[in-house]
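Engineer: Mind having a look at this structure? Questions to follow.
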Amino acid sequence: MFLDHEGKKVRFYEDLIHNKVVVVNMMYTACTSICPANTASLLQVQKALGDRVGRDIHFVSLSLLPELDPPAALRAYMQRYGIGPGWTFLTGARAHMEKVRRKLGFYDTDPDADADVFRHTGMLSIGNDRIERWCMMPALSATHQIVRSIEEMA
């Protein structure tokens, strides 16, 4: 069980992934390295997709430091960046966050690098659960490239 940015309990797969086209990334609100640039990139993608976000396509951001990112911190982050509807931010027990992170492929094969949250990469996992198709790409790819990858999944 996870908590979204509103403090509502959600089930990751059943509520956010099942039968949906999703764009998933990892972040934490105090990040000063890659997260702000990734968020800005995804905001451009959200704008390019317009009202499809929240209807046909869903964005999900999971905290890498859930103990420091309660729902209020996630809401403040969303407000700071002007993030609109259709984009869910999640926090929860570290064990649950780690399980999802690894299952989605957000990990480094070097255990030391993987254990260092401050060395995280800026990747997106884009998927369509209905057809069981997933891909990963850099969050800092050109907006049109990310949009094209999402549309190919939809």
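Engineer: Taking a Cβ-Cβ separation under 4.7 Å as the criterion for a possible partner, which cysteines of the chain have none?
Structural biologist: 135
Engineer: Now a separate question. FRET efficiency for residue 55 and residue 115, Cβ-Cβ distance as r, R0 = 41 Å, nearest 0.05? Display every interim value, and only then the final one.
Structural biologist: Numbers: r = 38 Å, r/R0 = 0.93.
About 0.60, to the nearest 0.05.
Engineer: Give the label of the value calculated from the structure for log10 I(q)/I(0) by the Debye sum over Cα atoms at q = 0.10, 0.12, 0.13, 0.21 Å⁻¹, choosing from [x] -0.30, -0.45, -0.53, -1.59; [y] -0.32, -0.46, -0.55, -1.45; [z] -0.41, -0.58, -0.67, -1.29.
Structural biologist: Recomputing log10 I(q)/I(0) by the Debye sum over Cα atoms at q = 0.10, 0.12, 0.13, 0.21 Å⁻¹ here picks out [x].
Engineer: Related question: Rounded to the nearest 0.05, what FRET efficiency do residue 68 and residue 8 have when you use their Cβ-Cβ distance and R0 = 25 Å?
Structural biologist: My answer for the efficiency is 0.80.
Engineer: If r is the Cβ-Cβ distance from residue 140 to residue 99 and R0 is 35 Å, what FRET efficiency results, to the nearest 0.05?
Structural biologist: On the way: r = 26 Å, r/R0 = 0.75.
The calculated FRET efficiency here is 0.85.
Engineer: Over what distance in Å are the Cα centres of segment 80-104 and segment 1-73 separated?
Structural biologist: Cα centroid of segment 80-104 versus Cα centroid of segment 1-73: 5 Å apart.
Engineer: Turning to a different aspect of this structure: Within the chain, what is the number of lysine pairs with alpha carbons under 24 Å apart, leaving out pairs fewer than eight places apart on the same chain?
Structural biologist: So the count works out to 9.
Engineer: Here's a follow-up. Could you list which residues have their amide H under 5 Å from that of residue 62, counting only those 5 or more apart in sequence or on another chain, with H placed in the peptide plane?
Structural biologist: Residues meeting the amide H criterion: 25, 26, 27, 90.
Engineer: I've got another one for you. What order, most packed first, do the peptides 88-94, 60-66, 34-40, 4-10 have when packing is the mean number of other Cβ atoms within 10 Å of each residue?
Structural biologist: Highest mean packing first, the order is 60-66, 88-94, 34-40, 4-10.
Engineer: Which value in deg cm²/dmol, rounded to the nearest 500, describes the helix-derived mean residue ellipticity at 222 nm for the chain, given -39,500 (n - 2.57) per DSSP H run of n ≥ 4 and division by the residue count?
Structural biologist: -10000 deg cm²/dmol
Throughout, read-outs are computed from the coordinates displayed, never taken from laboratory work. Bear in mind that the values here come from a model prediction, so they are computed numbers and not experimental data. For neighbour counting, all protein chains shown are included, and Cβ atoms are generated from backbone atoms with ideal geometry for every residue, glycine included.
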